[in-house]
Amino acid sequence: MKQLWEKVSLKGQVMLFTSLIVLLPLLLLSVFVAHNQAKNTKEYLAEKVQISASHIAYHALIQDALLNGKSNQELVDYVELVREENNFLYIVVMDNQKIRFTHPDREKIGQTFVGSDAEEVFNGEKYTSEDIGTLGPSMRAFHPVWDQEGNQIGAVAVGIATKSIKEAVYENQIILMIITAISLIIGLIGAWLLANRLKRTLNGMEPKEIGLAIQERNSMLEAVNDGILAINNTGEILLANDTARQFLRRTGYHGQFENTPIDLIWPELKLQEAITAKSPVKHELIKKGDVETIVTRVPMYVNNQCVGALATFNERSQLHDIMRDLIGAEVYAHSLRSETHEFMNKLHIIQAMVETESYNELKDYIEDISERYHMKTASAVSQVGQLVEDVSIAHYLSKRIGWMEQMGVNVHIQSGIPWPSMNTDFIDAWVTVIGNTFDNAWEAMRHKEHKNLTLTLKQVGGVLRYVIEDNGIGFSASEQKSLASSKKGDHGYGIANIKRKLQVLNGTLDILSEKDKGTIITIHIPYTERRERVD
């Protein structure tokens, strides 16, 4: 039964419930009214025959006939006229011995009145009763007839057929049934209109579909890395995804979010301006405390009416990290294209020398290539491939070292067990680490006459070790502390980005620096443990 009910559409459920709400009270009311109508109709007819019997009992023709002891044609005609006008079954005038003076059937005039309920009328009582007479079941009213001295000289019985009473009740109930049916039809039409309106309001979706859509929306909002905040026209928060909540709590807000004015949480955001401006503002730099964010604000419209505003934001440091990763990927792709192009050029030259049989020139050219290769392998760049098995990291690191050497930096590499191939989490982390530490080292050494950089890549006990040492300007103890904690400036962003990546991989960061002597940055990441957990 439950499964069958669940298959009924929302429109069908609304119509069914609304119809029941209309139908049940109508049925109860109809039963109550029908009962009262039957009762009232019966009482009305009883009162009608009683009044008619009273009027006839006091008529002079009746009294004269009873005093004379015989019926006459004038009496019979008068009584028959009253009976037909009021649609009575019969009107019987009788003397104290129950001898009929009138009757619809002329042959029964002069015969005794039939019925066990006529005794009380000869005791001077006026009443109504139901009994079966010669003309069938009837309701009849009895009224005594007195002479001028007050002596009872007879009685009058006015009867109405029980069938006529039922027909009158039935006619009234038919009218009631018609009214009930019309009311029910109006109720069904109203239910249908209500169900259609509700369906349109819900965009034609069923309750299960609405619930699923809400769950899907929430899942999508939580899957987005950007912070999302939405407000209504009054500036109260309607929605804040998990990223936005974590950011706002991390920057000092620990209260409730829903229905809280946005100006109490983040006044610098000025999200209500998007409602009044009714135009989007993209990629705007807005601070929350000491943290800089890149914010896009757009108004929200429903049926061409602005109902609120939406803001998506990201920390500037995260975007800086993404840009650095993209630059690294671009450098890697460019290096592959350059090497491919260079390799194809050499093949074309060799092919041309073979086709022209210039074997002496070919020998000299190959020896020249070999000599250049040996010179290249003597540089620090050539050692990277032996120290890092992962192709992506090796190429990226090679380009960074090559660029340093082109800028006049003497790069020295110390090695141990080579780094293994890695998954994307580690590649992403090491690109961030290498890019930020090389940039910081160059900034520290760029104005030095003699620039020295020592790089250590090792794997010890399942832990990847990365040490970069420069002879740059270095930092004092206070500057070093500020560098490790600040969010301001490029160096601060670089260290913050590295820390965030290391936190995910359970890595550590140590900085040792001395003013005007140089800086040593040491990073350890447990690779074996992480790899087993991911697998």
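The values are calculated or read from the model by the stated rules, or taken from the named source; none is laboratory data. Computed from a predicted structure; not experimentally measured. Note that each Cβ is placed from the backbone with ideal geometry, even for glycine, and that neighbours are counted across all protein chains shown. Note: accessible area is taken over every heavy atom of the protein model, side chains too, but ligands, DNA and RNA are not part of it. Shrake-Rupley method; radii C 1.70, N 1.55, O 1.52, S 1.80 Å.
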Task: Glu222 being more than 30 Å from Gly12 (Cα to Cα), open to solvent by 90 Å² or more (accessible area, probe 1.4 Å) and not β-branched (Val, Ile, Thr) - done: yes
Task: Per-region count, the range 357-400, residues modelled with pLDDT of 75 or more and touching a Leu at 6+ places or on another chain (Cβ under 9 Å) - done: 6
TODO: Of the numbered conditions (1) open to solvent by less than 40 Å² (accessible area, probe 1.4 Å); (2) more than 18 Å from Glu339 (Cα to Cα); (3) at pLDDT 85 or above, Met422 fails exactly one; give the number of that condition.
DONE: (3)
Task: Filter result (within 53 Å of the chain's Cα centre (by Cα), open to solvent by less than 60 Å² (accessible area, probe 1.4 Å) and not hydrophobic (A, V, I, L, M, F, W, C)) within the range 440-465 - done: Asn440, Gln459, Gly462
- [ ] Could you grab the pairs with beta carbons closer than 7 Å, sequence gap of 6+ or different chains, first residue in the range 408-431 and closer than 24 Å to Trp442 by Cα and in contact (Cβ under 8 Å) with a residue 60 or more places away in the chain, second one surrounded by 15 or more Cβ atoms within 10 Å (Cβ to Cβ) and among the basic types (Lys, Arg)?
- [x] Ala429/Lys501
- [ ] Show the residue pairs that are 6+ apart or on different chains and have beta-carbon atoms under 8 Å apart, the first residue being within the range 166-182 and of a type in the set (A, V, I, L, M), the second being at pLDDT 75 or above and surrounded by 12 or more Cβ atoms within 10 Å (Cβ to Cβ).
- [x] Ala168/Leu45; Val169/Lys42
- [ ] Would you confirm whether any residue within the range 143-152 is open to solvent by less than 40 Å² (accessible area, probe 1.4 Å) and in contact with a Lys or Arg (Cβ under 6 Å, 6 or more places away or on another chain)?
- [x] yes
Task: Selection within the range 502-535 - in contact with a strand residue (DSSP E or B) (Cβ under 9 Å, 6 or more places away or on another chain), farther than 20 Å from Trp442 by Cα and either open to solvent by less than 20 Å² (accessible area, probe 1.4 Å) or modelled with pLDDT of 85 or more (or both) - done: Leu502, Leu505, Asn506, Gly507, Thr508, His524, Ile525, Pro526, Tyr527
Open item on the list: I'm checking my understanding of the structure. Among residues of the range 266-292 that are among the hydrophobic types (A, V, I, L, M, F, W, C) and under 17 Å from Asp226 (Cβ atoms), which one is surrounded by the most Cβ atoms within 10 Å (Cβ to Cβ)?
Closed with: Leu271
TODO: Could you name every one of the helices (runs of 4 or more DSSP H) located completely within the range 1-75 that has at least 2 residues being modelled with pLDDT of 80 or more and surrounded by 12 or more Cβ atoms within 10 Å (Cβ to Cβ)?
DONE: 10-57, 60-68
